[in-house]
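Data first, discussion second: the structure below is written as structure tokens.
The values are calculated or read from the model by the stated rules, or taken from the named source; none is laboratory data. This one's a predicted model, so the numbers in the text were calculated from it and none came from an experiment. Ligands, DNA and RNA are excluded from the accessible area calculation, which covers all protein heavy atoms including side chains. Shrake-Rupley method; radii C 1.70, N 1.55, O 1.52, S 1.80 Å.
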Amino acid sequence: MSNDTHPLIRRAALGACAASLAALMLPSATAHAATTARPAVTLAKPGSGATVLTLTVPATRAGAAPQTIDCTVTPSTPFRYYGGPYGGGEEGLASVSCTASVYKIQLGVALFYNGSQVTYNSTTVYNALSSGADTEYPLKQGTYQTRAQATITTVYGGTSVTSPVYGSATVTLP
């Protein structure tokens, strides 16, 4: 069979293929309503510690208990590093660690010099328990602090919850 001799058969086959793909891609109205009515994730309480987010994920099955996930955001005390892009400087690290795998973790870290933000970096990871980010600044005499904030999305298409901005201890360098 040549493509030129039977164009109607080819069109009919392509049409049937397209229709079956459309049925897979476009769920029925009932299935669509069930998948779009996602329960919201709530920030149940500020957390058991100064940097803990406690998230409550509603149950997805009837009779199941909601899941509680604690995510700890930790900004490290800034420290001096040697080498690197500035030939040495001040570095701030931040991490977030969750008690169960979540769909997405967005972590931002900023370094403050004498009370003003001088640098920022962020990272995003998917299907993870934890994440980390760092930022660097050329060394100058003064006071430094690392601050961090995390946004957690527990399930695909779910509601994101953003933490407060947490700050580390400050350090003064000569």
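If E136, E90 are ordered by their accessible area, calculated over protein heavy atoms with a 1.4 Å probe, which sequence runs from highest to lowest? Show your work: numbers first, answer last.
On the way: E136 45, E90 0 Å².
Highest to lowest solvent-accessible surface, that is E136, E90.
Provide the per-residue ³J(HN,Hα) series for segment 99-110, in order, calculated from phi with Karplus coefficients 6.51, -1.76, 1.60 and θ = phi - 60°, each as a whole number of Hz, with x at glycine and proline positions.
7, 8, 5, 10, 5, 8, 10, 10, 10, x, 10, 10
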